[in-house]
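The values are calculated or read from the model by the stated rules, or taken from the named source; none is laboratory data. All of these numbers come straight from a predicted model, not from anything done at the bench. Neighbour counts run over all protein chains shown; Cβ positions are idealised from the backbone, glycine included. The protein model used for the area step is the full one, side chains on, heavy atoms only, and it has no ligands, DNA or RNA in it. Shrake-Rupley method; radii C 1.70, N 1.55, O 1.52, S 1.80 Å.
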Amino acid sequence: MPAVRSVRVQAEPFDPAAEVDALRAGRPQIGAVVSFLGLMRDLNDGEPVESMTLEHYPGMTEKALEAIAAEAAARWALEGIRVVHRIGELEPEEPIVLVAVASRHRAEAFRACEFVIDYLKTRAPFWKKERVAGGERWVAARHGDSEAERRWEQPPDGA
Amino acid sequence: MIRVCYFASLREQLGRAEEPLELPAGVADVAGLRARLRERGGAWAEALAESRPVLCAVNQVMARPDQAIADGDEVAFFPPVTGG
């Protein structure tokens, strides 16, 4: 059976534990769930950050996330993938993104989870704008994110 | 006609989120459209300068500079993404 895929982009906060439960509940063949939760920090580039606004490209965002989830499902034997990403206003400590991956055994879930967040960072059209003491600033893309994405250009191990 | 969209810092610099545009004669691909928009001068020349890391999507899929553009397409320009 193919992996059950779900991607959502929403302004409302979400409950990470409830999302993980929804991914695995009633599916006893699942032996492992690996999840990544990205949180808003109160510090960036050495400066306190008060809040953040996340802009995105409606339509393309969902397509890009679907494509990344489909790619992960094609590379590894997975039971399910769930991606939830916030947009709009966020405050420090709030979850920004959840990537949860379910599989029969842990290895696939670990690798696929990291793959999805690495690809999301460089391929999904989101942009962060931070509010700091002196005003607002757009967050610059990190070189390390492109490096992380390139690691996956090699065929997956064990394939 | 094509629809051109701008996002994030690019949208702010250019002062617009989107515009309908008659596909200019002689413009066949993403790089050609970007060059033509630069000819508007001012903020356009600056924000879309070749030295700037500007990404493009055609019909909501990431596109390379040599991707063809046709009538009816939705073309978007934006800075490198910073989600997650």
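Just a few scattered comments:
- For chain A, calculated [θ]222 nm from helices alone, where every DSSP H run of n ≥ 4 adds -39500 (n - 2.57): -10000 deg cm²/dmol
- Reduction of at least 30 Å² in accessible surface, 1.4 Å probe, comparing all protein chains with the chain by itself, residues of region A:114-143: A:Lys121, A:Phe126, A:Trp127, A:Lys128, A:Trp138, A:Ala141
- In Hz, Karplus ³J(HN,Hα) per residue of region A:32-45 (6.51, -1.76, 1.60; θ = phi - 60°; x = Gly, Pro): 8, 10, 10, 10, 10, 10, x, 10, 7, 9, 9, 8, 8, 6
- Percent accessible area from carbon and sulfur atoms, region A:1-97, protein chains only, probe 1.4 Å: 54 percent
- Taking the centroid of alpha carbons for each part, region A:85-159 and region A:1-48 are 12 Å apart.
- Choice from A:Val20, A:Val49, A:Val84 with maximal GNM fluctuation in chain A (Cα, 10 Å cutoff): A:Val49
- Shape summary: the protein assembly as shown maps onto an equivalent ellipsoid whose semi-axes, from the alpha-carbon gyration tensor, are 34, 22, 15 Å in decreasing order.
- Take the Cβ atoms of B:Glu19 and B:Ala45, set R0 to 22 Å, and the FRET efficiency comes out at 0.85.
- Rounded accessible area per residue of chain A, 1.4 Å, Å²: 50 Å²
- Rg over Rh [alpha-carbon atoms, Kirkwood Rh] for region A:68-137: 1.09
- Radius of gyration and maximum dimension Dmax of chain B, Cα, Å: 11.8, 39
- In this assembly, the A-B interface accounts for approximately 1800 Å² of buried accessible surface in total, computed with a 1.4 Å probe and without ligands, DNA or RNA.
- Solvent-accessible area of A:Arg5 with every protein chain in place, 1.4 Å probe, in Å² to the nearest 10: 110 Å²
- Per DSSP, loop GluC sites (Glu not before Pro) in region B:4-84 with at most 16 further Cβ within 10 Å: B:Glu22, B:Glu39, B:Glu50
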